[in-house]
1. Does the stretch 74-127 come out rounded, prolate or oblate by the C-alpha gyration tensor, with a ≥ b ≥ c the root eigenvalues, rounded set by a/c under 1.5 and, if not, prolate when a/b is larger than b/c and oblate if not?
2. In whole Hz, what ³J(HN,Hα) sequence does the stretch 40-45 give by Karplus (6.51, -1.76, 1.60; θ = phi - 60°), x for Gly and Pro?
3. What distance in nm separates the two pseudo spin-label positions at residue 126 and residue 56, each 7 Å out from Cα along the beta-carbon direction?
4. Can you list, bin by bin at 10 Å, the percent of alpha carbon pairs in the stretch 32-78, starting at 0?
5. Roughly how many Å² of residue 77 are accessible to a 1.4 Å probe, to the nearest 10?
6. Can you work out the Karplus-derived ³J(HN,Hα) for every residue in the stretch 82-99? Use 6.51 cos²θ - 1.76 cosθ + 1.60 with θ = phi - 60°, whole Hz, and x for glycine or proline.
7. Give me the 1.4 Å probe accessible area per residue for the stretch 41-127, excluding ligands and nucleic acids, in Å².
8. Quantify, in whole percent, the carbon and sulfur part of the accessible surface of the stretch 71-127 (1.4 Å probe; protein heavy atoms only).
Amino acid sequence: YYTHKREWNRAKDLLIDSIAWDSSSIEAQRLLAWDYYFLGEEIEAITIIGNAIQLAPSDSDLYAERAEMFNGLEDYDSATKDLEISLKLDHKNHFAYATRARTNIGLGEFEKAMADIELALCISPTD
């Protein structure tokens with residue numbers, strides 16, 4: 001609720017309390033990571049989502065989300081590695097293909113980016 005209203009600091013405080021209460025809450029860690037990211041604390045965000053990955057190493061979305069954060073830092077090598085893992089775990093993860101398209105744009109690989117956009121749209125035309 002707070003995240004959608006862009007009340008990032010309030011959301012962060014609530015999520016920190018939630019994680020303190022239940023440190024195994026992957027969803028709370030995911031949301032907290034994005035709150036830190038949107039507050040400009042990208043390194044902390046990547047650390048938090050890394051903790052979530054340790055709890056759920058087979059969650060394809062977590063790797064794709066961390067890759068998106070790496071893209072924001074223009075760390076395309078780390079993004080590429082996470083996307084390889086994400087797509088190995090779930091070859092139909094449209095978010096991973098869309099994120100890889102953004103990575104490829106950052107690398108100047110525009111044809112690869114277009115191919116990834118087409119794959120993402122084939123898998124999920126409405127997202």
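1. oblate
2. Calculated HN-Hα couplings, in order: x, 9, 5, 5, 4, 4 Hz.
3. For the pair residue 126/residue 56, the computed spacing is 2.2 nm.
4. 31, 58, 11
5. Probe radius 1.4 Å; accessible area of residue 77 about 110 Å².
6. 5, 5, 4, 5, 4, 6, 5, 6, 8, 6, 10, 7, 5, 5, 5, 5, 5, 5
7. 56
8. Heavy-atom surface of the stretch 71-127 belonging to carbon and sulfur, 1.4 Å probe: 56 percent.
The values are calculated or read from the model by the stated rules, or taken from the named source; none is laboratory data. Bear in mind the structure is a predicted one, so any value in this text is a computation, not a measurement. Note: ideal-geometry Cβ built from the backbone for every residue, glycine included; neighbour counts use all protein chains shown. Note: accessible area is taken over every heavy atom of the protein model, side chains too, but ligands, DNA and RNA are not part of it. Shrake-Rupley method; radii C 1.70, N 1.55, O 1.52, S 1.80 Å.
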